[in-house]
1. Go through (1) more than 20 Å from residue 152 (Cα to Cα); (2) touching a residue at least 24 places away in the same chain (Cβ under 8 Å) and name the single condition residue 190 misses.
2. Of all the strands (runs of 3 or more DSSP E) wholly in the stretch 33-142, which have at least 2 residues that are surrounded by 18 or more Cβ atoms within 10 Å (Cβ to Cβ) and in the same structural domain as residue 173 (by TED's automatic domain parsing)?
3. With (1) over 12 Å from the mean Cα position of the chain (by Cα); (2) surrounded by fewer than 24 Cβ atoms within 10 Å (Cβ to Cβ); (3) within 16 Å of the ligand (Cβ to nearest atom) as the list, and residue 167 as the residue in question, which single condition is left unmet?
4. Filter the stretch 131-164 down to residues that are within 10 Å of the ligand (Cβ to nearest atom), within 16 Å of the chain's Cα centre (by Cα) and at pLDDT 90 or above, then give me how many there are.
5. Can you tell which of 173, 128 is within 27 Å of residue 311 (Cβ to Cβ), near the ligand (Cβ under 8 Å from one of its atoms) and out of contact with any strand residue (DSSP E or B) (no Cβ under 8 Å at 6 or more places or on another chain)?
6. When you look at residue 146, is it outside any strand (DSSP E or B), out of contact with any helix residue (DSSP H, G or I) (no Cβ under 9 Å at 6 or more places or on another chain) and touching a residue at least 12 places away in the same chain (Cβ under 8 Å), yes or no?
7. Taking the stretch 246-267, which residues are touching a residue at least 40 places away in the same chain (Cβ under 8 Å) and more than 18 Å from residue 289 (Cβ to Cβ)?
Ligand code: SF4
C-alpha cells in the first residue's frame, strides 16, 4: 500500500518516520532503547511536569544528551489561551508540523481538587457529523501518542495543576479516537502507569461517534478506558443524515457492540445526546431511545447536551420546555438522565465547537 492510498486518518504520524517521542515511552521502552540510567527514573521525569525546569524534564546532562540524540523531545506549543466566563479554558496548541489542535480545561464546579481535560485525538475529523465544527473541517491526520501525552503534560504545566489534583481525561475534543486507536491506547497506557500520572481508567473516557468495530477492538484491550457514545438520533434515517457513520454501523449494529462491552465493576456506559430544535427533540424520540437501550438501561448515564450553535451549522438548541419534557420522558422510561451544563461556549470551547477559525471549509 502506498502512502497516497491510505485513508487520511492512517497517514503516517511524524514520529513514525523519525525518533520516538520521549513522552510516549513506558519504562520498558526506555530500557529496550538502551537509555543510560534507570529506565523508571527517565519515565518518571518525563511524565511529571511538576518537576520540570523551563518546560523540560530535570535530568542529568549525560541523559539529556542521549535523549537529544535518540528521542523526539518536542512538546505541543500553546498558541492561544481563552478563558471562559464560566472558568473553563480553551487552549490552541501548535504541533511540530504546523498543524493545530484544541483542548479544553474544565475546572471542578465544586470546592475540591478535581479537574477535567477534554483532549483531541486527531487534527480535524473524518466522520463529518453535520452538527460539529470539527467535522466541517475534515481530517488532516492522526495525533501521535507522544502528541496526545504531550497535550496533557503541557496543559498541566501551563495551568499550574498540582500533583495532588485528581485528573479526569475525556477523549471528546477534535477527532474520532477509535480512528486512531493505536496511538490513543498507547497514550492511555502511559497515563495509567503507576509511576506516571497514575490516572485510573475509571477517569479516562473515550467517546466515539459509533464505530462498532472500533468499540469491539477497544473492548479487547487492556487497560480498558470507559466508553461514551454520541447517539443524537433515534431512527437510522435521522441518524444517517446527522452522522454518516450510521450508514455503515447502524443503530442495531451499534447496540450489538455496546451489549458486548465488558462493563467493569461500577462502570457505566455513557450516552451523549445533542438536542437540536425540531430535529431530534420529540417525546417520540425519547421513547425510541428507551426501546433501543433495552437492557443497557441497567448500567448507563444518558447526558443531554443543548446544541452549541456555531457558524458551520444551522442547527439550533431547543427551548427549555422541550428539553424538560424530553428529559422527563426518558426518566419515565427508566433512563438515568443528566442535562449537561454547556461550558466554554463563549470561547468556542463547548462540545462540537472545537475548530480553528482558519480551518473551516468553504
Ligand atoms: S462529533 Fe466527534 S466524531 Fe463527529 S465530526 Fe465532530 S469530532 Fe468527529
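The values are calculated or read from the model by the stated rules, or taken from the named source; none is laboratory data. For clarity, every value in this text was computed on a predicted model and none was experimentally measured. Cβ placement follows ideal geometry from the backbone for every residue including glycine, while neighbour counts extend to all protein chains displayed.
1. Only one criterion is unmet by residue 190, namely (1).
2. 89-94, 100-107, 114-118, 122-124, 139-142
3. (3)
4. Going through the stretch 131-164 one residue at a time, the tally reaches 2.
5. 128
6. Judged against the criteria, residue 146 is not a match.
7. Matches in the stretch 246-267: 260, 262, 264, 266, 267.
Every residue, every condition in (1) under 20 Å from residue 247 (Cβ atoms); (2) surrounded by fewer than 19 Cβ atoms within 10 Å (Cβ to Cβ), yes or no:
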{"residue": "172", "(1), (2)": "no, no"}
{"residue": "175", "(1), (2)": "yes, no"}
{"residue": "179", "(1), (2)": "yes, no"}
{"residue": "191", "(1), (2)": "no, no"}
{"residue": "195", "(1), (2)": "no, yes"}
{"residue": "198", "(1), (2)": "no, yes"}
{"residue": "221", "(1), (2)": "no, yes"}
